[in-house]
Amino acid sequence: MKRRKLELLAPAKNAATGRIAILAGADAVYIGAPAFGARAAASNSIEDIRALAAFAHRFRARVYVTMNTILFDDELEEARKMVWQLYEAGVDALIVQDMAYLTMNLPPIALHASTQCDIRTPEKAAWLADAGFSQLVLPREFSLTEIRAASEAAGVPVEVFVHGALCVSYSGDCQAGCLAMGRSANRGVCPQMCRLPYEIVDKSGNTIAPAKHYLSLKDLNQSSNLKELIEAGASSFKIEGRLKDERYVANVTAEYSRLLDSIVFESNETLERISFGRSECSFTPDLSRTFNRGYTSYFLKGRSRNMASIDTPKWIGNPVGIVKRINYERQFSLEAELDIRLVNGDGLAYFDSKGNFHGFRLNKAEESRLYPASVLEDIKPGTRLYRNFDKNFLEKFDCENSGCSRTIAVDFSLEILSADTIIISANDERGISANYNLKYDGQQANIPQEERRKTIFSKLGGSIYRLRSFKDSLGNCFIPASTLTDARRKVIEILDNSADINYQRDQRKGNHLVDNQFVGLKLTYHDNVANSAAKNFYLSRGAEIESHAIEIDKPKGDIVVMTTRYCLRKELGACIKENNGNRLPTPIFLRNDSGLYRIDFDCSNCGMKIIKCQNSAK
């Protein structure tokens with residue numbers, strides 16, 4: 001029975017982070033290209049990507065490169081050339097959203113449909129697969145039922161986010177930053193409009209609720225739902241965070257890798273990981289001790305309240321105690337009733353009486369007496385303290401490769417081939433084999449030699465291998481230790497070279513769209529068509545284009561800038577479908593320095609649209 005392959009996909013802001021992710025257990029990493037990635041601050045050189053791909057492929061892990069911005073006409077040729085450079089550098093696949101790539105003269109590199117493609121229906125999943133995409137990144141908003149439907153319709157592997165930041169708007173369909181600040185998420189410079197504070201006001205401009213982060217969602221955490229995601233058809237499990245540091249990536253990757261290994265082990269050999277090697281870490285992963293805004297499973301198992309982190313978009317941390325008294329004598333300090341022991345250098349945080357969030361560094365901790373690095377003017381007795389920088393835990397990552405290592409199991413066999421030749425064979429868990437012939441003078445030893453030879457062949461430090469088994473049929477043949485050590489090095493070198501030669505990348509799928517595929521389809525600025533190649537891709541198959549991407553053709557009047565399944569009424573306990581819901585006036589608006597935004601609630605579909613108003617609030 002053929003085993004179903006699973007992939008843990010980790011973020012890499014650079015090659016060093018990508019290397020750590022692979023050592024921590026990732027089956028694949030995604031990393032930004034030199035340009036055209038949706039995180040402009042996380043671009044990387046071709047040479048760095050080449051080095052990462054070579055390292056990853058030794059474990060049969062993959063490297064995917066993000067080129068998921070929309071393209072302008074004057075960028076098409078540069079993007080095409082970059083794809084060829086990346087293919088020659090060994091990249092396994094590109095993650096893209098612009099349909100222009102489907103019209104280019106490209107190498108046979110696999111293409112993955114980015115979450116920016118906004119795949120909300122099984123029908124769109126199906127035509128993207130028919131268009132030649134090998135893997136589809138589904139929306140974070142999907143339920144298990146929707147994942148199953150999309151997977152069955154597509155017939156190609158589907159990728160789901162399992163951890164990290166959530167966009168409040170459907171990915172690819174957020175124009176807020178572009179219109180308000182001239183910074184487009186679809187061009188790689190998202191200003192994170194959803195993390196800003198807004199007042200809630202009525203149509204007259206009167207404040208209904210004070211400024212808070214009403215659109216700032218908690219972070220996604222599906223660590224307890226992996227088995228159900230697999231059963232729903234998901235094959236790739238994506239950790240968000242191409243701007244996250246090595247500590248975060250190591251911790252989160254190690255935890256999800258551990259969980260997937262457990263599921264695979266219990267699957268009765270029906271599941272397997274796509275990469276090879278055993279990962280070991282010098283720390284015990286803990287998802288609560290690196291950055292998060294609180295956790296939610298979002299819509300995976302249905303709608304719920306408390307999806308947002310309204311008080312702050314920052315990491316609050318874990319509660320550690322309550323301030324009992326404040327001392328100003330000689331040196332400012334706090335007396336606190338603590339739940340755990342704190343140490344010098346911990347980072348603490350609290351909310352003041354106005355609900356403002358503050359953080360501070362702890363210079364010194366003496367039992368319940370705490371000495372902040374600076375005087376805290378606005379803290380009072382009764383204030384709850386949180387720790388959002390756990391010095392002892394995070395220091396465990398401040399070593400080579402963040403304390404992560406990974407090894408391939410190898411079996412050695414030593415046999416006499418002829419009177420003067422010994423054959424040394426190596427076979428590893430990847431299915432790679434190597435042989436090395438060693439000349440032998442026939443000298444015999446007076447004492448057993450097998451343990452001595454096994455010890456020599458187990459010394460694999462400096463390589464990616466670990467000894468799994470050792471078969472020795474040489475009897476009491478005497479071979480100098482230096483000769484055996486040299487032979488071990490040479491057979492490992494042959495094994496490495498064979499692994500490199502035999503690595504195979506996925507090939508790009510063919511395009512199976514029909515000529516009239518898009519008849520009746522009317523594209524608007526929500527579809528992000530920004531260049532002539534993408535336009536022709538749709539028009540040649542019968543689509544109509546009513547408006548282009550707002551980056552090149554700004555609509556007039558009030559404009560829908562976000563479409564979201566998240567509902568502010570539900571979050572605030574004011575759902576009109578719930579009998580006990582508090583009532584909010586209609587309409588309501590969000591307001592801050594970037595402008596005024598009307599909220600149109602779509603109660604029949606339990607969602608809302610956010611509209612950028614051209615007129616200012618009264």
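Just one of the listed residues (Arg489, Arg505) is more than 27 Å from the chain's Cα centre (by Cα) and either under 22 Å from Ile109 (Cβ atoms) or not hydrophobic (A, V, I, L, M, F, W, C) (or both), and it is Arg489. For Glu246, indicate whether it is among the charged types (D, E, K, R), within 15 Å of Ala26 (Cα to Cα) and touching a Lys or Arg at 6+ places or on another chain (Cβ under 7 Å). Answer is no for this residue. Would you check if there is a residue in the stretch 443-452 being closer than 30 Å to Ile95 by Cβ and touching an Asp or Glu at 6+ places or on another chain (Cβ under 8 Å)? The answer is no; no qualifying residue exists.
Summed over the stretch 56-107, the residues that are in contact with a helix residue (DSSP H, G or I) (Cβ under 8 Å, 6 or more places away or on another chain), open to solvent by 30 Å² or more (accessible area, probe 1.4 Å) and more than 21 Å from Val529 (Cβ to Cβ) give a count of 3. The condition of being modelled with pLDDT under 95 and not in a helix (DSSP H, G or I) holds for only one of Ala38, Ala26, Ala10, that being Ala38. Inspect all residues belonging to the stretch 155-162 and state whether any of them is crowded, with 20+ Cβ neighbours inside 10 Å and among the acidic types (Asp, Glu). Yes, the stretch 155-162 has at least one match. Please tell me if Tyr101 is part of a helix (DSSP H, G or I) and over 30 Å from Ser279 (Cα atoms). For Tyr101, the condition - part of a helix (DSSP H, G or I) and over 30 Å from Ser279 (Cα atoms) - is met.
Condition check ((1) over 30 Å from Phe59 (Cβ atoms); (2) part of a loop (DSSP other than H, G, I, E, B)) across all residues:
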| position | (1), (2) |
| --- | --- |
| Ser279 | no, no |
| Pro285 | no, yes |
| Pro313 | yes, yes |
| Val320 | yes, no |
| Arg325 | yes, no |
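Applying the set (1) open to solvent by 50 Å² or more (accessible area, probe 1.4 Å); (2) in contact with a Lys or Arg (Cβ under 7 Å, 6 or more places away or on another chain) to Gly359 leaves exactly one unmet item: (2). For Gly345, the requirement of being open to solvent by less than 60 Å² (accessible area, probe 1.4 Å) and modelled with pLDDT under 95 is not met.
Taken over the stretch 368-403, the criterion of being open to solvent by 10 Å² or more (accessible area, probe 1.4 Å), within 12 Å of Arg247 (Cα to Cα) and among the polar types (S, T, N, Q) is satisfied by Asn401 alone. Could you list, in sequence order, the residues of the stretch 409-458 that are assigned to a strand (DSSP E or B), over 21 Å from Ser498 (Cβ atoms) and of a type in the set (S, T, N, Q)? Within the stretch 409-458, Ser418, Gln444 qualify. Residues that are in contact (Cβ under 8 Å) with a residue 60 or more places away in the chain, in contact with a His (Cβ under 8 Å, 6 or more places away or on another chain) and not hydrophobic (A, V, I, L, M, F, W, C) within the stretch 512-571 comprise Tyr525, Thr563, listed in sequence order.
When you check Leu259 against the structure, is it touching a Ser or Thr at 6+ places or on another chain (Cβ under 7 Å), under 24 Å from Ala21 (Cβ atoms), assigned to a helix (DSSP H, G or I) and not basic (Lys, Arg), yes or no? Yes, satisfied.
Every condition in (1) in a helix (DSSP H, G or I); (2) among the charged types (D, E, K, R); (3) over 25 Å from Ile109 (Cβ atoms) holds for Asp500 except the one numbered (3). Number of residues in the stretch 164-212 that are over 23 Å from the mean Cα position of the chain (by Cα), over 25 Å from Pro585 (Cβ atoms) and assigned to a loop (DSSP other than H, G, I, E, B): the value is 1.
The values are calculated or read from the model by the stated rules, or taken from the named source; none is laboratory data. Given the structure is predicted, the values throughout are model-derived calculations rather than measurements. Methodologically, a virtual Cβ is constructed for each residue, glycine included, from the backbone with ideal geometry; neighbour enumeration extends over all protein chains shown. These area figures cover heavy atoms from the full protein model, side chains too; ligands, DNA and RNA do not enter into them. Shrake-Rupley method; radii C 1.70, N 1.55, O 1.52, S 1.80 Å.
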